[in-house]
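The values are calculated or read from the model by the stated rules, or taken from the named source; none is laboratory data. Predicted, not measured: the structure shown is a model, and the values here were computed from it. Note that each Cβ is placed from the backbone with ideal geometry, even for glycine, and that neighbours are counted across all protein chains shown. Quick note on the areas: whole protein, heavy atoms, side chains included, nothing else; ligands and nucleic acids left out. Shrake-Rupley method; radii C 1.70, N 1.55, O 1.52, S 1.80 Å.
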Amino acid sequence: MPSSPSSAHWLSLIGSIWLQTINGPNSDFPVYSSQLKELKNISQVQLNFLAFASDAGKLFGWFSGVAALYLPLWLVAFVGAAFGLVGYGIQYMFLDSAGLRYWHLFVLTALAGNGICWINTVCYLLCINNFASSSRVAVSLATSYLGLSAKVYSSLAETFPGMANSKARTYLLLNAVVPVFVTVVVAPSLRVFDLKSEASSSDAAFLAMFAITLATGACAVVGSIGSTSNGLSSKEHMASLAVLLATPILIPVALKIRETLTKIRQAKRENRIHDLGTDDSVSVESVVVIDVAADADTDAKEEADGVVKKPEVEVGGLRLLRSPDFWLYFFSYMFSGTLGLVFLNNLGQIAESRGLAQTSTLVSLSSSFGFFGRLLPAFMDYYSKKSGYSISRTGSMATLMAPMAGAFFLLLNQRDFFLYLGTAVIGTCTGAITSVAVSATSELFGPKNFGVNHNVVVANIPVGSLCFGYFAAFLYQREASARGTLTCSGAGCYRDTFAVWGSTCAVGTLLCSVLYARSRNFAGRLPVRIPSCLARLIS
(Lines give C-alpha, C1' and ligand atoms only; values in the text may rest on other atoms or scores of the structure.)
Protein backbone atom coordinates (compact mmCIF):
# COMPACT_ATOMS: atom_id res chain seq x y z
CA MET A 1 0.00 0.00 0.00
CA PRO A 2 1.35 3.47 -0.77
CA SER A 3 2.54 5.26 2.36
CA SER A 4 0.41 8.36 1.84
CA PRO A 5 -1.42 8.63 -1.48
CA SER A 6 -3.61 11.60 -0.62
CA SER A 7 -1.67 14.22 -2.62
CA ALA A 8 -2.02 12.15 -5.81
CA HIS A 9 -5.78 11.74 -5.74
CA TRP A 10 -6.28 15.33 -4.54
CA LEU A 11 -4.27 16.54 -7.50
CA SER A 12 -6.67 14.62 -9.78
CA LEU A 13 -9.62 16.31 -8.04
CA ILE A 14 -8.13 19.76 -8.59
CA GLY A 15 -7.67 18.88 -12.26
CA SER A 16 -11.32 17.83 -12.43
CA ILE A 17 -12.39 21.10 -10.79
CA TRP A 18 -10.48 23.18 -13.32
CA LEU A 19 -11.90 21.16 -16.20
CA GLN A 20 -15.43 21.59 -14.88
CA THR A 21 -14.91 25.33 -14.52
CA ILE A 22 -14.33 25.74 -18.25
CA ASN A 23 -16.54 22.88 -19.48
CA GLY A 24 -19.72 24.92 -19.92
CA PRO A 25 -18.97 26.96 -23.05
CA ASN A 26 -22.55 26.46 -24.22
CA SER A 27 -23.78 28.37 -21.16
CA ASP A 28 -22.57 31.67 -22.65
CA PHE A 29 -24.65 31.23 -25.84
CA PRO A 30 -27.42 33.64 -24.68
CA VAL A 31 -24.81 36.39 -24.36
CA TYR A 32 -23.91 36.47 -28.07
CA SER A 33 -26.97 34.78 -29.61
CA SER A 34 -28.61 38.08 -30.64
CA GLN A 35 -25.52 39.20 -32.54
CA LEU A 36 -25.22 35.77 -34.13
CA LYS A 37 -28.83 36.06 -35.26
CA GLU A 38 -28.11 39.37 -36.99
CA LEU A 39 -24.84 38.28 -38.57
CA LYS A 40 -26.27 35.09 -40.10
CA ASN A 41 -29.75 36.54 -40.76
CA ILE A 42 -31.62 33.65 -39.12
CA SER A 43 -35.05 33.55 -37.52
CA GLN A 44 -35.88 33.13 -33.84
CA VAL A 45 -36.95 29.53 -34.46
CA GLN A 46 -33.63 28.75 -36.13
CA LEU A 47 -31.82 30.39 -33.23
CA ASN A 48 -33.72 28.14 -30.81
CA PHE A 49 -32.63 25.13 -32.81
CA LEU A 50 -29.00 26.22 -32.40
CA ALA A 51 -29.53 26.35 -28.64
CA PHE A 52 -30.94 22.83 -28.85
CA ALA A 53 -27.99 21.66 -31.01
CA SER A 54 -25.59 21.81 -28.06
CA ASP A 55 -27.88 19.55 -26.04
CA ALA A 56 -28.36 17.29 -29.06
CA GLY A 57 -24.66 16.41 -28.84
CA LYS A 58 -25.43 14.59 -25.59
CA LEU A 59 -27.40 12.00 -27.56
CA PHE A 60 -24.02 10.55 -28.56
CA GLY A 61 -22.33 11.17 -25.22
CA TRP A 62 -22.24 7.44 -24.49
CA PHE A 63 -19.38 7.17 -26.99
CA SER A 64 -17.19 8.87 -24.40
CA GLY A 65 -18.14 6.24 -21.82
CA VAL A 66 -17.12 3.44 -24.19
CA ALA A 67 -13.86 5.23 -25.02
CA ALA A 68 -13.04 5.61 -21.31
CA LEU A 69 -13.09 1.81 -20.98
CA TYR A 70 -10.22 1.42 -23.45
CA LEU A 71 -8.35 4.74 -23.59
CA PRO A 72 -6.41 6.65 -20.90
CA LEU A 73 -8.51 9.40 -19.34
CA TRP A 74 -6.17 12.19 -20.42
CA LEU A 75 -6.69 11.15 -24.04
CA VAL A 76 -10.48 11.08 -23.58
CA ALA A 77 -10.28 14.64 -22.21
CA PHE A 78 -8.22 15.75 -25.22
CA VAL A 79 -10.81 14.31 -27.60
CA GLY A 80 -13.52 16.37 -25.89
CA ALA A 81 -11.39 19.53 -26.04
CA ALA A 82 -10.60 18.84 -29.71
CA PHE A 83 -14.32 18.58 -30.53
CA GLY A 84 -14.83 22.00 -28.95
CA LEU A 85 -11.83 23.42 -30.80
CA VAL A 86 -13.21 22.27 -34.15
CA GLY A 87 -16.85 23.12 -33.40
CA TYR A 88 -16.30 26.64 -32.12
CA GLY A 89 -13.04 27.32 -33.97
CA ILE A 90 -14.53 26.88 -37.46
CA GLN A 91 -17.45 29.11 -36.49
CA TYR A 92 -14.98 31.76 -35.30
CA MET A 93 -12.89 31.67 -38.48
CA PHE A 94 -15.77 31.71 -40.98
CA LEU A 95 -18.46 33.59 -39.03
CA ASP A 96 -18.51 36.49 -41.50
CA SER A 97 -18.34 34.21 -44.54
CA ALA A 98 -21.47 33.45 -46.57
CA GLY A 99 -20.12 29.94 -47.06
CA LEU A 100 -20.82 29.11 -43.41
CA ARG A 101 -24.47 28.14 -43.71
CA TYR A 102 -27.03 27.47 -41.03
CA TRP A 103 -26.73 23.68 -41.15
CA HIS A 104 -22.98 24.07 -40.71
CA LEU A 105 -23.63 26.04 -37.51
CA PHE A 106 -25.99 23.34 -36.25
CA VAL A 107 -23.56 20.46 -36.86
CA LEU A 108 -20.58 22.33 -35.43
CA THR A 109 -22.52 23.35 -32.31
CA ALA A 110 -23.68 19.74 -31.81
CA LEU A 111 -20.07 18.53 -32.16
CA ALA A 112 -18.90 20.99 -29.52
CA GLY A 113 -21.77 19.94 -27.27
CA ASN A 114 -20.69 16.32 -27.57
CA GLY A 115 -17.18 17.32 -26.55
CA ILE A 116 -18.60 18.51 -23.21
CA CYS A 117 -19.74 14.94 -22.50
CA TRP A 118 -16.21 13.58 -22.99
CA ILE A 119 -14.69 15.96 -20.44
CA ASN A 120 -17.56 15.37 -18.00
CA THR A 121 -17.01 11.62 -18.22
CA VAL A 122 -13.33 12.03 -17.32
CA CYS A 123 -14.13 14.23 -14.31
CA TYR A 124 -16.83 11.88 -12.98
CA LEU A 125 -14.66 8.78 -13.32
CA LEU A 126 -11.73 10.45 -11.58
CA CYS A 127 -13.87 11.51 -8.62
CA ILE A 128 -15.56 8.11 -8.27
CA ASN A 129 -12.43 5.96 -8.66
CA ASN A 130 -9.92 8.11 -6.77
CA PHE A 131 -12.17 8.74 -3.77
CA ALA A 132 -13.55 5.38 -2.69
CA SER A 133 -15.48 6.39 0.44
CA SER A 134 -15.86 10.10 -0.38
CA SER A 135 -16.81 9.90 -4.05
CA ARG A 136 -20.14 11.67 -3.51
CA VAL A 137 -18.44 14.64 -1.85
CA ALA A 138 -15.76 14.78 -4.56
CA VAL A 139 -18.32 14.63 -7.37
CA SER A 140 -20.47 17.37 -5.83
CA LEU A 141 -17.44 19.61 -5.31
CA ALA A 142 -16.22 19.19 -8.89
CA THR A 143 -19.62 19.59 -10.55
CA SER A 144 -20.40 22.72 -8.52
CA TYR A 145 -17.71 24.54 -10.48
CA LEU A 146 -19.55 23.84 -13.72
CA GLY A 147 -21.98 26.52 -12.61
CA LEU A 148 -19.17 29.08 -12.84
CA SER A 149 -18.44 28.49 -16.53
CA ALA A 150 -20.65 31.28 -17.85
CA LYS A 151 -19.20 33.72 -15.32
CA VAL A 152 -15.61 32.76 -16.16
CA TYR A 153 -16.13 33.13 -19.92
CA SER A 154 -17.96 36.45 -19.55
CA SER A 155 -15.20 37.78 -17.28
CA LEU A 156 -12.56 36.70 -19.79
CA ALA A 157 -14.48 38.35 -22.63
CA GLU A 158 -14.71 41.62 -20.70
CA THR A 159 -10.99 41.47 -19.98
CA PHE A 160 -10.00 41.13 -23.66
CA PRO A 161 -9.31 44.63 -25.03
CA GLY A 162 -10.46 45.72 -28.46
CA MET A 163 -12.89 42.84 -29.07
CA ALA A 164 -16.11 44.37 -27.71
CA ASN A 165 -17.33 45.20 -31.22
CA SER A 166 -17.51 41.51 -32.11
CA LYS A 167 -18.98 39.81 -29.09
CA ALA A 168 -19.86 36.64 -31.00
CA ARG A 169 -16.31 36.18 -32.30
CA THR A 170 -14.87 36.84 -28.83
CA TYR A 171 -16.94 34.13 -27.16
CA LEU A 172 -16.45 31.65 -30.00
CA LEU A 173 -12.68 32.10 -29.75
CA LEU A 174 -12.69 31.64 -25.97
CA ASN A 175 -14.97 28.59 -26.23
CA ALA A 176 -12.57 27.00 -28.71
CA VAL A 177 -9.21 27.76 -27.08
CA VAL A 178 -9.72 27.80 -23.28
CA PRO A 179 -10.73 24.10 -22.86
CA VAL A 180 -7.71 22.97 -24.89
CA PHE A 181 -5.34 25.12 -22.84
CA VAL A 182 -6.71 23.91 -19.49
CA THR A 183 -6.68 20.27 -20.65
CA VAL A 184 -3.00 20.55 -21.55
CA VAL A 185 -2.25 21.98 -18.09
CA VAL A 186 -4.12 19.30 -16.10
CA ALA A 187 -3.41 16.28 -18.37
CA PRO A 188 -0.67 14.80 -16.10
CA SER A 189 -3.15 14.60 -13.19
CA LEU A 190 -5.92 12.86 -15.16
CA ARG A 191 -5.14 9.35 -13.92
CA VAL A 192 -6.81 6.78 -11.71
CA PHE A 193 -4.48 5.89 -8.85
CA ASP A 194 -4.47 2.51 -7.14
CA LEU A 195 -5.43 3.72 -3.68
CA LYS A 196 -6.16 1.13 -1.01
CA SER A 197 -7.06 3.68 1.66
CA GLU A 198 -7.57 7.38 2.06
CA ALA A 199 -5.32 9.33 4.39
CA SER A 200 -6.72 10.75 7.59
CA SER A 201 -5.80 14.21 6.35
CA SER A 202 -8.71 14.07 3.87
CA ASP A 203 -11.05 15.62 6.44
CA ALA A 204 -8.90 18.73 6.79
CA ALA A 205 -8.43 18.87 3.01
CA PHE A 206 -12.18 18.73 2.36
CA LEU A 207 -12.83 21.46 4.94
CA ALA A 208 -10.23 23.64 3.27
CA MET A 209 -11.76 22.94 -0.13
CA PHE A 210 -15.22 23.89 1.17
CA ALA A 211 -13.87 27.22 2.40
CA ILE A 212 -12.15 27.95 -0.92
CA THR A 213 -15.26 27.01 -2.89
CA LEU A 214 -17.52 29.26 -0.80
CA ALA A 215 -15.10 32.16 -1.24
CA THR A 216 -14.99 31.56 -5.00
CA GLY A 217 -18.79 31.51 -5.20
CA ALA A 218 -19.04 34.71 -3.17
CA CYS A 219 -16.53 36.39 -5.51
CA ALA A 220 -18.57 35.30 -8.53
CA VAL A 221 -21.77 36.66 -6.98
CA VAL A 222 -20.16 40.03 -6.21
CA GLY A 223 -18.91 40.25 -9.78
CA SER A 224 -22.32 39.28 -11.16
CA ILE A 225 -24.05 42.12 -9.32
CA GLY A 226 -22.01 44.62 -11.28
CA SER A 227 -18.53 46.05 -11.16
CA THR A 228 -19.76 49.62 -11.33
CA SER A 229 -21.69 49.35 -8.06
CA ASN A 230 -18.78 47.93 -6.05
CA GLY A 231 -15.93 49.85 -7.67
CA LEU A 232 -14.22 46.70 -8.98
CA SER A 233 -13.07 46.76 -12.60
CA SER A 234 -13.51 43.74 -14.84
CA LYS A 235 -9.74 43.09 -14.88
CA GLU A 236 -9.53 43.27 -11.08
CA HIS A 237 -12.48 40.95 -10.70
CA MET A 238 -11.03 38.46 -13.20
CA ALA A 239 -7.71 38.56 -11.35
CA SER A 240 -9.36 37.87 -7.98
CA LEU A 241 -11.43 35.07 -9.50
CA ALA A 242 -8.33 33.54 -11.10
CA VAL A 243 -6.46 33.60 -7.77
CA LEU A 244 -9.36 31.82 -6.02
CA LEU A 245 -9.58 29.22 -8.80
CA ALA A 246 -5.83 28.57 -8.50
CA THR A 247 -5.84 28.39 -4.70
CA PRO A 248 -6.99 24.71 -4.45
CA ILE A 249 -3.61 23.61 -5.82
CA LEU A 250 -2.19 24.48 -2.39
CA ILE A 251 -4.01 21.47 -0.90
CA PRO A 252 -2.10 18.72 -2.78
CA VAL A 253 1.11 20.75 -2.39
CA ALA A 254 0.66 20.85 1.39
CA LEU A 255 -0.19 17.14 1.48
CA LYS A 256 2.88 16.32 -0.61
CA ILE A 257 5.09 18.18 1.86
CA ARG A 258 3.45 16.29 4.69
CA GLU A 259 4.00 12.96 2.92
CA THR A 260 7.68 13.73 2.39
CA LEU A 261 8.17 14.53 6.07
CA THR A 262 6.31 11.35 7.05
CA LYS A 263 8.53 9.22 4.80
CA ILE A 264 11.63 10.73 6.40
CA ARG A 265 10.33 9.92 9.90
CA GLN A 266 9.37 6.38 8.84
CA ALA A 267 12.81 5.79 7.35
CA LYS A 268 14.45 6.82 10.61
CA ARG A 269 12.07 4.59 12.61
CA GLU A 270 12.74 1.57 10.37
CA ASN A 271 16.48 2.01 10.80
CA ARG A 272 16.06 1.97 14.58
CA ILE A 273 13.83 -1.13 14.48
CA HIS A 274 16.31 -2.92 12.23
CA ASP A 275 19.03 -2.44 14.86
CA LEU A 276 16.94 -3.77 17.79
CA GLY A 277 17.03 -7.50 16.90
CA THR A 278 14.57 -10.34 16.59
CA ASP A 279 12.56 -9.76 19.77
CA ASP A 280 10.95 -6.63 18.45
CA SER A 281 10.29 -8.34 15.13
CA VAL A 282 8.17 -10.91 16.91
CA SER A 283 6.18 -8.20 18.61
CA VAL A 284 5.59 -6.48 15.31
CA GLU A 285 4.28 -9.70 13.78
CA SER A 286 1.93 -10.22 16.72
CA VAL A 287 0.48 -6.79 16.15
CA VAL A 288 -0.34 -7.77 12.59
CA VAL A 289 -2.13 -10.89 13.80
CA ILE A 290 -4.19 -8.83 16.25
CA ASP A 291 -5.25 -6.48 13.45
CA VAL A 292 -6.46 -9.37 11.30
CA ALA A 293 -8.42 -10.78 14.20
CA ALA A 294 -9.91 -7.36 14.80
CA ASP A 295 -11.14 -7.30 11.22
CA ALA A 296 -12.90 -10.62 11.74
CA ASP A 297 -14.41 -9.42 15.02
CA THR A 298 -15.58 -6.23 13.34
CA ASP A 299 -17.28 -8.13 10.53
CA ALA A 300 -19.03 -10.33 13.07
CA LYS A 301 -20.16 -7.26 14.98
CA GLU A 302 -21.56 -5.72 11.79
CA GLU A 303 -23.60 -8.85 11.14
CA ALA A 304 -24.85 -8.87 14.76
CA ASP A 305 -25.97 -5.23 14.40
CA GLY A 306 -27.80 -6.05 11.19
CA VAL A 307 -25.67 -3.78 9.04
CA VAL A 308 -26.28 -4.77 5.42
CA LYS A 309 -23.71 -3.65 2.91
CA LYS A 310 -24.92 -2.56 -0.50
CA PRO A 311 -24.54 -5.41 -2.95
CA GLU A 312 -22.37 -4.76 -5.95
CA VAL A 313 -25.05 -4.72 -8.63
CA GLU A 314 -23.69 -3.91 -12.07
CA VAL A 315 -26.11 -3.10 -14.88
CA GLY A 316 -25.03 -2.13 -18.37
CA GLY A 317 -25.73 -2.53 -22.06
CA LEU A 318 -29.21 -3.62 -23.07
CA ARG A 319 -29.93 -4.70 -19.50
CA LEU A 320 -29.98 -1.02 -18.58
CA LEU A 321 -32.76 -0.26 -21.07
CA ARG A 322 -34.77 -3.25 -19.82
CA SER A 323 -34.61 -2.07 -16.24
CA PRO A 324 -37.78 -0.38 -14.83
CA ASP A 325 -35.53 1.62 -12.51
CA PHE A 326 -33.76 3.14 -15.50
CA TRP A 327 -36.98 4.50 -17.01
CA LEU A 328 -38.19 5.81 -13.64
CA TYR A 329 -34.85 7.53 -13.27
CA PHE A 330 -34.78 8.78 -16.88
CA PHE A 331 -38.18 10.47 -16.76
CA SER A 332 -37.92 11.77 -13.18
CA TYR A 333 -34.64 13.46 -14.18
CA MET A 334 -36.18 14.86 -17.37
CA PHE A 335 -39.24 16.16 -15.49
CA SER A 336 -37.08 17.98 -12.93
CA GLY A 337 -33.41 18.73 -13.63
CA THR A 338 -33.82 19.03 -17.39
CA LEU A 339 -37.01 21.06 -16.97
CA GLY A 340 -35.10 23.45 -14.70
CA LEU A 341 -32.38 23.85 -17.33
CA VAL A 342 -35.02 24.72 -19.93
CA PHE A 343 -36.47 27.34 -17.58
CA LEU A 344 -33.04 28.89 -17.05
CA ASN A 345 -32.38 28.93 -20.80
CA ASN A 346 -35.62 30.87 -21.30
CA LEU A 347 -35.06 33.19 -18.34
CA GLY A 348 -34.07 36.17 -20.47
CA GLN A 349 -37.27 35.96 -22.51
CA ILE A 350 -39.33 35.44 -19.34
CA ALA A 351 -37.81 38.53 -17.72
CA GLU A 352 -38.42 40.56 -20.87
CA SER A 353 -42.08 39.53 -20.99
CA ARG A 354 -42.47 40.63 -17.35
CA GLY A 355 -41.00 44.02 -18.22
CA LEU A 356 -37.91 43.76 -16.02
CA ALA A 357 -35.31 46.39 -16.83
CA GLN A 358 -32.45 44.52 -15.11
CA THR A 359 -32.57 41.16 -16.83
CA SER A 360 -28.93 40.49 -16.00
CA THR A 361 -29.73 40.66 -12.28
CA LEU A 362 -32.23 37.82 -12.62
CA VAL A 363 -29.80 35.74 -14.66
CA SER A 364 -27.02 36.35 -12.12
CA LEU A 365 -29.40 35.32 -9.35
CA SER A 366 -30.16 32.01 -11.01
CA SER A 367 -26.45 31.38 -11.71
CA SER A 368 -25.30 32.05 -8.14
CA PHE A 369 -28.06 29.95 -6.57
CA GLY A 370 -27.37 27.19 -9.09
CA PHE A 371 -23.71 27.16 -8.04
CA PHE A 372 -24.54 26.85 -4.35
CA GLY A 373 -27.23 24.30 -5.17
CA ARG A 374 -24.59 22.11 -6.81
CA LEU A 375 -22.41 22.53 -3.72
CA LEU A 376 -25.17 21.64 -1.24
CA PRO A 377 -24.95 17.82 -1.75
CA ALA A 378 -21.23 17.94 -0.94
CA PHE A 379 -21.93 19.43 2.51
CA MET A 380 -24.72 16.94 3.19
CA ASP A 381 -22.65 13.93 2.13
CA TYR A 382 -19.59 15.04 4.08
CA TYR A 383 -21.40 15.40 7.40
CA SER A 384 -23.69 12.38 6.92
CA LYS A 385 -20.62 10.24 6.21
CA LYS A 386 -19.02 11.36 9.48
CA SER A 387 -22.20 10.40 11.36
CA GLY A 388 -22.09 6.90 9.86
CA TYR A 389 -25.09 7.18 7.57
CA SER A 390 -25.44 7.36 3.81
CA ILE A 391 -28.12 9.57 2.26
CA SER A 392 -30.02 7.95 -0.59
CA ARG A 393 -29.46 9.80 -3.86
CA THR A 394 -32.91 8.99 -5.19
CA GLY A 395 -34.44 10.15 -1.91
CA SER A 396 -32.48 13.41 -2.17
CA MET A 397 -33.67 13.96 -5.73
CA ALA A 398 -37.31 13.40 -4.76
CA THR A 399 -36.94 15.86 -1.86
CA LEU A 400 -35.49 18.50 -4.20
CA MET A 401 -38.18 18.07 -6.84
CA ALA A 402 -41.08 18.91 -4.50
CA PRO A 403 -40.12 22.58 -3.81
CA MET A 404 -39.16 22.97 -7.46
CA ALA A 405 -42.68 22.02 -8.52
CA GLY A 406 -44.09 24.52 -6.04
CA ALA A 407 -41.79 27.25 -7.39
CA PHE A 408 -43.29 26.93 -10.88
CA PHE A 409 -46.73 27.57 -9.43
CA LEU A 410 -45.35 30.57 -7.51
CA LEU A 411 -44.38 32.08 -10.87
CA LEU A 412 -48.08 32.34 -11.74
CA ASN A 413 -48.21 35.35 -9.40
CA GLN A 414 -47.52 38.57 -11.31
CA ARG A 415 -45.47 40.23 -8.56
CA ASP A 416 -41.72 40.53 -9.25
CA PHE A 417 -40.94 39.24 -5.77
CA PHE A 418 -42.34 35.81 -6.65
CA LEU A 419 -40.41 35.80 -9.91
CA TYR A 420 -37.15 36.32 -8.03
CA LEU A 421 -38.12 33.82 -5.34
CA GLY A 422 -39.19 31.17 -7.84
CA THR A 423 -36.02 31.67 -9.88
CA ALA A 424 -33.84 31.26 -6.77
CA VAL A 425 -35.62 28.03 -5.76
CA ILE A 426 -35.53 26.55 -9.27
CA GLY A 427 -31.87 27.50 -9.72
CA THR A 428 -30.91 25.90 -6.40
CA CYS A 429 -32.90 22.69 -6.97
CA THR A 430 -31.74 22.32 -10.57
CA GLY A 431 -28.09 22.66 -9.59
CA ALA A 432 -28.48 20.20 -6.72
CA ILE A 433 -30.37 17.62 -8.80
CA THR A 434 -27.81 17.64 -11.62
CA SER A 435 -25.05 17.18 -9.02
CA VAL A 436 -26.84 14.40 -7.12
CA ALA A 437 -27.73 12.56 -10.34
CA VAL A 438 -24.07 11.76 -11.05
CA SER A 439 -23.77 9.66 -7.88
CA ALA A 440 -27.32 8.33 -8.28
CA THR A 441 -26.35 6.61 -11.54
CA SER A 442 -23.52 4.79 -9.79
CA GLU A 443 -25.75 3.96 -6.81
CA LEU A 444 -28.50 2.46 -8.96
CA PHE A 445 -26.51 0.67 -11.67
CA GLY A 446 -23.02 0.21 -10.26
CA PRO A 447 -19.71 2.02 -10.92
CA LYS A 448 -18.26 -0.41 -13.48
CA ASN A 449 -20.32 0.82 -16.47
CA PHE A 450 -20.86 4.34 -15.12
CA GLY A 451 -19.23 6.11 -18.06
CA VAL A 452 -21.70 4.62 -20.53
CA ASN A 453 -24.73 4.48 -18.22
CA HIS A 454 -24.68 8.12 -17.17
CA ASN A 455 -24.30 9.36 -20.73
CA VAL A 456 -27.33 7.26 -21.67
CA VAL A 457 -29.25 8.83 -18.79
CA VAL A 458 -28.37 12.41 -19.76
CA ALA A 459 -29.79 11.77 -23.22
CA ASN A 460 -32.99 12.97 -21.53
CA ILE A 461 -31.57 16.52 -21.63
CA PRO A 462 -31.81 17.04 -25.43
CA VAL A 463 -35.16 15.22 -25.48
CA GLY A 464 -36.53 17.41 -22.70
CA SER A 465 -34.95 20.54 -24.15
CA LEU A 466 -36.71 19.97 -27.46
CA CYS A 467 -40.10 19.07 -25.95
CA PHE A 468 -40.32 21.60 -23.13
CA GLY A 469 -38.52 24.42 -24.93
CA TYR A 470 -40.66 24.38 -28.04
CA PHE A 471 -43.81 23.81 -26.05
CA ALA A 472 -43.07 27.09 -24.25
CA ALA A 473 -42.23 28.81 -27.56
CA PHE A 474 -45.50 27.61 -29.10
CA LEU A 475 -47.59 28.98 -26.23
CA TYR A 476 -45.60 32.22 -26.25
CA GLN A 477 -46.12 32.72 -29.98
CA ARG A 478 -49.80 31.85 -29.70
CA GLU A 479 -50.29 34.51 -27.03
CA ALA A 480 -48.40 37.07 -29.12
CA SER A 481 -50.46 36.26 -32.22
CA ALA A 482 -53.68 36.68 -30.25
CA ARG A 483 -52.57 40.23 -29.43
CA GLY A 484 -51.50 40.92 -33.01
CA THR A 485 -47.84 41.45 -32.13
CA LEU A 486 -44.57 39.64 -32.78
CA THR A 487 -43.46 39.78 -29.16
CA CYS A 488 -45.47 39.02 -26.07
CA SER A 489 -45.52 41.06 -22.88
CA GLY A 490 -47.26 40.47 -19.58
CA ALA A 491 -47.66 37.61 -17.11
CA GLY A 492 -49.98 35.77 -19.50
CA CYS A 493 -47.14 34.96 -21.90
CA TYR A 494 -45.88 32.11 -19.72
CA ARG A 495 -48.89 31.50 -17.46
CA ASP A 496 -49.96 28.26 -19.13
CA THR A 497 -46.32 27.18 -19.50
CA PHE A 498 -45.63 27.54 -15.78
CA ALA A 499 -48.80 25.63 -14.90
CA VAL A 500 -47.85 22.74 -17.19
CA TRP A 501 -44.23 22.76 -16.04
CA GLY A 502 -45.29 22.72 -12.39
CA SER A 503 -47.59 19.77 -12.99
CA THR A 504 -44.87 17.97 -14.95
CA CYS A 505 -42.38 18.47 -12.12
CA ALA A 506 -44.96 17.12 -9.65
CA VAL A 507 -45.22 13.97 -11.79
CA GLY A 508 -41.41 13.75 -11.74
CA THR A 509 -41.52 13.94 -7.93
CA LEU A 510 -43.95 11.03 -7.83
CA LEU A 511 -41.83 8.93 -10.22
CA CYS A 512 -38.67 9.58 -8.20
CA SER A 513 -40.51 8.67 -4.96
CA VAL A 514 -41.42 5.33 -6.51
CA LEU A 515 -37.79 4.87 -7.55
CA TYR A 516 -36.65 5.65 -4.01
CA ALA A 517 -39.08 3.08 -2.58
CA ARG A 518 -37.66 0.46 -4.94
CA SER A 519 -34.00 1.27 -4.23
CA ARG A 520 -34.00 2.42 -0.58
CA ASN A 521 -32.30 -0.79 0.60
CA PHE A 522 -29.17 0.33 -1.25
CA ALA A 523 -28.54 3.19 1.18
CA GLY A 524 -28.61 3.51 4.92
CA ARG A 525 -26.16 2.89 7.65
CA LEU A 526 -22.54 2.70 6.59
CA PRO A 527 -20.31 -0.13 7.92
CA VAL A 528 -18.40 1.18 10.95
CA ARG A 529 -15.12 -0.47 11.92
CA ILE A 530 -14.58 -0.66 15.69
CA PRO A 531 -11.17 -0.74 17.44
CA SER A 532 -9.60 -4.13 18.12
CA CYS A 533 -9.64 -3.60 21.91
CA LEU A 534 -13.42 -3.05 21.88
CA ALA A 535 -13.86 -6.06 19.60
CA ARG A 536 -12.13 -8.30 22.12
CA LEU A 537 -14.20 -6.90 25.00
CA ILE A 538 -17.45 -7.56 23.12
CA SER A 539 -16.39 -11.11 22.25
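Tabulated data
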{"item": "Probe 1.4 Å - accessible area at residue 386, Å² to nearest ten", "result": "120 Å²"}
{"item": "Residues of the stretch 336-351 with amide N under 17 Å of a point placed 7 Å along Cα→Cβ from residue 491", "result": "350-351"}
{"item": "Net charge of Cβ neighbours under 11 Å - reference residue 493; Lys, Arg +1; Asp, Glu -1", "result": "+1"}
{"item": "Rounded to the nearest 10 Å², the accessible area of residue 270 at probe 1.4 Å", "result": "120 Å²"}
{"item": "Solvent-accessible area per residue for the stretch 321-440 (1.4 angstrom probe, square angstrom)", "result": "37 Å²"}
{"item": "Taking N as its residue count, the alpha carbon Rg of the stretch 125-178 over 2.2 N^0.38 Å", "result": "1.62"}
{"item": "Zone residues, the stretch 35-49, relative to residue 101, backbone N less than 20 Å from point 7 Å out along Cα-to-Cβ", "result": "37-49"}
{"item": "Where trypsin sites (Lys or Arg not before Pro) fall in DSSP loop in the stretch 387-471, at most 15 other Cβ within 10 Å", "result": "415, 448"}
{"item": "Sites residue 264 and residue 243, calculated FRET efficiency, Cβ-Cβ separation with R0 41 Å, nearest 0.05", "result": "0.80"}
{"item": "Percent breakdown of C-alpha pair distances by 5 Å bin, ordered from the shortest bin, for the stretch 45-142", "result": "3, 14, 19, 18, 17, 12, 8, 5, 3, 1, 0"}
{"item": "Simple spin-label estimate for residue 383 and residue 253 in nanometres, 7 Å along Cα-Cβ", "result": "3.1 nm"}
{"item": "Accessible area (Å², per residue) of the stretch 1-110, counting only protein heavy atoms and a probe of 1.4 Å", "result": "43 Å²"}
{"item": "Probe 1.4 Å, accessible area per residue of the stretch 441-485, Å²", "result": "38 Å²"}
{"item": "Computed FRET value (nearest 0.05) for residue 207 with residue 235, which takes r as the C-beta separation and R₀ as 41 Å", "result": "0.80"}
{"item": "For q = 0.14, 0.20 Å⁻¹, Debye-computed log10 I/I(0) when each Cα of the stretch 73-211 counts as one equal scatterer", "result": "-0.76, -1.22"}
{"item": "Centre separation in Å (Cα based) which lies between the stretch 402-463 and the stretch 46-123", "result": "23 Å"}
